[in-house]
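In what follows, a single structure is set out as structure tokens and then discussed.
The values are calculated or read from the model by the stated rules, or taken from the named source; none is laboratory data. Keep in mind that what you see is a predicted model, and the values were worked out from it rather than measured. FYI the Cβ positions are ideal-geometry reconstructions off the backbone, even for glycines, and counts take in every protein chain you see.
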Amino acid sequence: MDISKDMTAAPRTIRRDDYTPPPFLIDTVDLVVELFADSAKVVSRMAVRRNPAAVAKPADLVLDGKKMDLLSVSLDGRAAAHEATPETLAIRAVPDRFTLEIATRLRPQDNAELTGLYKSRDIFCTQCEAEGFRRITYFLDRPDVMARYTTRITAEKSLAPVLLSNGNLVERGELDGGRHFAVWEDPFPKPSYLFALVAGPLDCLEDRFTTRSGREVTLRIYVRPGDVPRCDHAMESLKKSMKWDEDVYGLEYDLDTFMIVAIDDFNMGAMENKGLNVFNSKLVLANPETATDLDYHSIEAVIAHEYFHNWTGNRVTCRDWFQLSLKEGLTVLRDQQFSADMGSAADARIDDVRRLRAAQFPEDAGPMAHPVRPDSYIEINNFYTATVYQKGAEVVRMMHTLLGPERFRKGMDLYFQRHDGQAVTCDDFANAMEDASGVDLAQFRLWYAQAGTPDLKVEGRYDAAARRYTMTVDQSLRRTPGQPDKKPMHIPLSVGLLDGAGRDLPLKLAGEAAAGGTTRVLDVRNPRDVFVFEDVPEKPVASLLRGFSAPVKLQAPRSEEELTFLMAHDSDPFARWEAGQQLGARLILDMVAARKAGKPMVVPDLFVDAIRRTLDDQRLDRSFIADAVTLPGLAFLGELMPEIDIEGMWAAQQRVRGVLSQQLADRWSSVYDANHGSGPYRFSPEEVGRRRLRSTALSYLSTDKGEAARRRAVEYFENAKNMTEQVAGLGVLAELGGAEGDAALGAFHERWKGEPLVLDKWFGIQARTPTGDTLQRVKQLVDHPSYDRKNPNRVYSLIGAFASGNPVQFHAGGGAGYRFLADQVLATDRFNPQVAARLLAPLGSWRRYDAGRQTLMKRELARIVAEKGLSRDVFEIASKSLD
Ligand code: B3K
Ligand code: ZN
């Protein structure tokens with residue numbers, strides 16, 4: 001069996017418009033999976049019938065399959081005429097209803113693609129989304145074929161004492177020859193992508209949860225022996241998620257057990273298989289010594305996300321993969337709402353927006369730009385994107401904004417009432433929202449269909465005599481690949497008006513009898529819309545896009561004074577933070593332009609004063625202050641430039657940092673000292689905020705790289721009481737470089753060399769260091785004994801961090817970074833195309849750079865496309881990037 005390459009001919013494009021219902025349905029699947037040291041044998045017995053809703057009535061049943069040995073096929077107990085190709089199995093002239101039995105053999109231990117059935121060290125596990133089940137047995141491997149599964153697993157007891165699959169354990173027992181078995185039955189029909197099997201030496205942490213209707217659920221988290229003490233946070237997160245989904249959406253868990261398994265070799269974060277979630281171990285294991293605040297946060301959010309999929313994804317699933325955002329966008333929104341409720345809602349929203357701007361906006365502006373509901377793909381795994389996930393969540397959030405919380409909840413209820421147990425579309429979701437609320441979403445649906453980030457220009461004019469404020473809103477949407485002409489969108493624009501004292505004014509739109517509220521959501525629907533506010537007593541300052549009410553790029557001609565005013569007074573915390581980011585971005589871009597023109601880069605006092613006021617504002621919580629004094633990131637800034645000038649942005653950003661560091665030195669020192677903290681580690685919003693603010697201050701205090709700064713950073717690092725502080729200290733020291741930097745990196749490695757998940761932080765910090773000869777260092781680290789090119793976590797924390805997280809170094813060195821990345825992509829593609837394709841993305845943005853870089857980046861893309869035996873995954877991204 002060749003698992004190293006896709007040997008198929010020219011990759012085929014799959015189109016949404018070509019969807020037809022499956023010609024056959026499979027009602028039940030009985031699987032017998034026998035696991036051995038060097039292979040696995042799978043026997044699948046399926047109850048198949050013709051689909052009454054099918055448009056055609058083909059004679060043959062054609063199943064999907066990949067990279068397996070076919071052992072036998074029988075139909076109703078007799079040999080069946082069949083024909084296998086590398087990716088299909090056709091059963092000839094089948095009756096209307098029959099039992100099909102297929103035996104296959106696979107080699108999990110050689111499966112480095114980490115999709116289908118594979119081995120992570122001594123643990124057998126599966127990853128079936130999107131199309132992995134066809135690597136286990138031949139099947140109608142599409143989400144609209146939903147079956148009830150029974151799974152019997154056998155294995156040698158000493159090698160695999162724990163045998164798990166979806167649903168409830170119905171039988172277990174001993175077999176001859178030191179083997180044993182377990183039978184699992186999942187009562188809920190599910191698509192094949194939700195199938196899971198895990199077997200191996202695992203320990204578990206067990207707990208219980210009683211649902212609000214009184215169902216007793218056993219919760220188990222399975223990990224490698226020895227890791228059980230690191231599961232408490234994951235278990236708490238799970239219980240919080242279960243409770244939250246009951247409280248907020250009225251959704252209860254539906255099986256007697258809920259299991260999570262932590263796996264070290266995993267292509268992405270986690271997978272929502274019914275009743276048996278499989279997780280990347282980095283999103284399960286945590287204790288204060290080894291995990292940072294960010295890890296704690298991610299674990300809580302991803303545990304919630306996968307748990308929430310039980311309803312949004314599993315009970316109601318996708319008709320086809322073009323509808324992926326039906327489950328992902330909605331489930332991301334739900335995990336965002338959960339995170340907002342667990343901590344500070346303002347921070348949570350700022351976080352969502354930062355992420356969207358850093359990853360999704362560039363995607364929407366690049367060669368892979370696609371709608372939230374894509375129209376075509378070559379390899380579906382390439383469409384688990386920021387657009388489908390993050391922008392998809394924004395789309396559902398906008399519906400929430402347009403409908404309001406009560407009607408949105410009604411829409412959710414109707415959606416479940418109509419579609420429980422079905423495989424449906426994004427349109428079905430919008431229909432439920434529309435029908436439950438009476439709100440017309442016809443134009444709004446364009447958010448699913450049109451790619452690209454809308455530009456919104458907002459201008460305000462005050463007429464003192466008429467006491468009237470007029471807001472003119474222009475929208476436009478640039479062309480994206482395959483979509484030259486765009487229609488105007490329905491954009492919810494949330495606004496407020498502030499008086500001279502910074503107070504919200506009551507808002508009354510022309511035609512309304514009385515003022516209602518101080519925040520209003522304007523329905524922007526046309527290329528130009530004009531909104532008139534009446535009875536406005538004085539010239540107001542407009543607060544725009546409150547809560548980031550739509551994923552747009554906002555342009556508003558506001559003076560620096562207006563922005564600093566909003567920074568100090570806006571009652572909407574997002575808009576308040578945003579005013580600072582806009583001001584920071586504007587001044588950095590002005591400095592970039594000055595630098596290019598050979599003029600000095602000047603940081604205006606107004607900005608320094610605004611940051612000082614933020615630091616002094618006693619009403620603000622620490623996390624918000626940390627957010628507000630953090631300058632806009634390079635990815636966000638780059639999006640604002642016609643041609644990305646990396647050196648310019650970096651130089652300007654550093655200059656601003658330097659000025660803030662110097663002019664506010666006393667503030668940073670006192671913030672640093674005042675937030676020392678004491679007592680044991682706690683993952684609470686207050687403590688996380690304190691640690692963040694303190695490390696932000698440390699980082700400003702280290703900007704001058706002087707002796708005192710070095711001493712302080714070393715002291716901070718050496719006295720770190722938890723991983724959050726260690727990592728913050730190490731990051732600062734690595735950037736300071738010199739003897740202190742090397743010593744800290746050495747000490748960290750020495751202390752954590754037995755903990756791969758902790759070493760990922762060590763790889764990541766070195767790969768992201770913007771100063772020094774980072775590429776050289778990264779190249780050396782590829783050969784480090786702690787590095788493992790087959791483990792996705794290692795690859796992302798080294799190669800991914802360098803290419804996607806260190807623009808300054810990646811784009812330096814006359815193309816050496818590009819060449820290195822292309823080499824890594826090609827090497828990785830030989831055994832793990834999904835990971836290779838993900839690494840590749842940064843090269844796709846070549847159009848955004850100067851001519852010299854364009855040539856160098858394109859050269860590497862062309863070299864990749866020319867490679868023989870390229871996977872579909874890498875082929876699609878590389879070739880579309882060159883188009
Ligand atoms: N649904 C999975 C992602 C599967 C990715 C397949 N390439 C995790 C999640 O979004 O919850
Ligand atoms: Zn998901």
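Assess whether ALA665 counts as being touching a helix residue (DSSP H, G or I) at 6+ places or on another chain (Cβ under 8 Å) and farther than 20 Å from ALA713 by Cβ. No, not satisfied. Meeting the requirement of 2 or more residues that are charged (D, E, K, R) and under 23 Å from PHE36 (Cα atoms), the strands (runs of 3 or more DSSP E) wholly within the range 100-215 are 146-156, 168-174, 179-191. Just one residue in the set ALA393, ALA359, ALA340, ALA345 is within 16 Å of ligand 2 (Cβ to nearest atom) and within 25 Å of LYS240 (Cα to Cα); that residue is ALA393.
With respect to (1) in a helix (DSSP H, G or I); (2) over 26 Å from ARG478 (Cα atoms); (3) in contact (Cβ under 8 Å) with a residue 60 or more places away in the chain, the lone exception for THR317 is condition (1). Among the residues of the range 737-753, those that are touching a helix residue (DSSP H, G or I) at 6+ places or on another chain (Cβ under 9 Å) and either more than 18 Å from THR771 (Cα to Cα) or of a type in the set (Phe, Trp, Tyr) (or both) comprise ALA747, PHE748, HIS749, ARG751, TRP752, LYS753.
Results for (1) more than 15 Å from ligand 1 (Cβ to nearest atom); (2) in contact with a strand residue (DSSP E or B) (Cβ under 6 Å, 6 or more places away or on another chain), shown as yes or no for each residue.
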site	(1), (2)
TRP321	no, no
LEU326	no, yes
LEU356	yes, no
ARG373	yes, no
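Residues that are more than 10 Å from ligand 1 (Cβ to nearest atom) and assigned to a loop (DSSP other than H, G, I, E, B) within the range 298-313 comprise ASN310, TRP311, listed in sequence order.
Within the set VAL825, VAL782, VAL778, the sole residue that is modelled with pLDDT of 95 or more, within 22 Å of the chain's Cα centre (by Cα) and buried (at least 17 other Cβ atoms within 10 Å of the Cβ) turns out to be VAL825.
When GLN483, GLN475, GLN450 are screened for being closer than 23 Å to ALA386 by Cβ, surrounded by 15 or more Cβ atoms within 10 Å (Cβ to Cβ) and more than 26 Å from the chain's Cα centre (by Cα), only GLN475 passes. Scan the range 69-93 for residues that are out of contact with any strand residue (DSSP E or B) (no Cβ under 7 Å at 6 or more places or on another chain) and in a strand (DSSP E or B) and jot them down. Of everything in the range 69-93, those that are out of contact with any strand residue (DSSP E or B) (no Cβ under 7 Å at 6 or more places or on another chain) and in a strand (DSSP E or B) turn out to be ARG78, ALA79, THR85.
On the stretch given as the range 306-327, residues that are over 17 Å from TYR448 (Cβ atoms), crowded, with 24+ Cβ neighbours inside 10 Å and more than 13 Å from ligand 2 (Cβ to nearest atom) total 0.
State whether one or more residues within the range 271-284 are assigned to a helix (DSSP H, G or I), over 30 Å from MET146 (Cα atoms) and more than 19 Å from the chain's Cα centre (by Cα). No: the range 271-284 contains no residue that is assigned to a helix (DSSP H, G or I), over 30 Å from MET146 (Cα atoms) and more than 19 Å from the chain's Cα centre (by Cα).
Of the residues making up the range 261-270, one or more are buried (at least 17 other Cβ atoms within 10 Å of the Cβ), away from ligand 1 (no atom under 16 Å from the Cβ) and within 28 Å of ASP760 (Cβ to Cβ). Within the range 258-270, residues that are farther than 13 Å from ARG224 by Cβ reach partners that are away from ligand 1 (no atom under 14 Å from the Cβ) and among the charged types (D, E, K, R) with beta carbons closer than 6 Å, at six or more positions or on different chains, in the pairs MET259/ARG220. Condition first: touching a helix residue (DSSP H, G or I) at 6+ places or on another chain (Cβ under 8 Å), charged (D, E, K, R) and more than 16 Å from ligand 1 (Cβ to nearest atom). Can you find one or more residues in the range 238-252 that meet it? Within the range 238-252, one or more residues are touching a helix residue (DSSP H, G or I) at 6+ places or on another chain (Cβ under 8 Å), charged (D, E, K, R) and more than 16 Å from ligand 1 (Cβ to nearest atom). Looking at this structure, is SER298 surrounded by fewer than 24 Cβ atoms within 10 Å (Cβ to Cβ), away from ligand 2 (no atom under 14 Å from the Cβ) and not hydrophobic (A, V, I, L, M, F, W, C)? No; evaluated as a whole, the condition is false for this residue. Exactly one residue among SER871, SER879, SER845 is of a type in the set (Ser, Thr, Tyr) and within 16 Å of ligand 1 (Cβ to nearest atom), and that residue is SER871. Report whether or not SER325 is more than 30 Å from PHE748 (Cβ to Cβ), at pLDDT 95 or above and either touching a Leu at 6+ places or on another chain (Cβ under 9 Å) or in a helix (DSSP H, G or I) (or both). Against the criterion (more than 30 Å from PHE748 (Cβ to Cβ), at pLDDT 95 or above and either touching a Leu at 6+ places or on another chain (Cβ under 9 Å) or in a helix (DSSP H, G or I) (or both)), SER325 qualifies.
Each residue in the range 344-378 was checked for being of a type in the set (Phe, Trp, Tyr) and outside any helix (DSSP H, G or I), and 1 pass.
Here's the yes/no breakdown for (1) farther than 14 Å from GLN581 by Cβ; (2) buried (at least 18 other Cβ atoms within 10 Å of the Cβ); (3) out of contact with any Phe, Trp or Tyr (no Cβ under 8 Å at 6 or more places or on another chain):
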{"position": "ALA628", "(1), (2), (3)": "no, yes, no"}
{"position": "LEU631", "(1), (2), (3)": "no, yes, yes"}
{"position": "LEU634", "(1), (2), (3)": "no, yes, no"}
{"position": "GLU639", "(1), (2), (3)": "no, yes, no"}
{"position": "ASP645", "(1), (2), (3)": "yes, yes, yes"}
{"position": "MET649", "(1), (2), (3)": "yes, yes, yes"}
{"position": "GLN653", "(1), (2), (3)": "no, yes, yes"}
{"position": "GLN662", "(1), (2), (3)": "yes, no, yes"}
{"position": "ASP666", "(1), (2), (3)": "yes, no, yes"}
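For the range 747-775, a residue qualifies if it is among the hydroxyl-bearing types (Ser, Thr, Tyr), under 26 Å from ASN719 (Cβ atoms) and buried (at least 21 other Cβ atoms within 10 Å of the Cβ), and exactly one does: THR769. Condition test on ALA878, is it among the aliphatic types (A, V, I, L, M) and either touching an Asp or Glu at 6+ places or on another chain (Cβ under 7 Å) or surrounded by fewer than 20 Cβ atoms within 10 Å (Cβ to Cβ) (or both)? Judged against the criteria, ALA878 is not a match.
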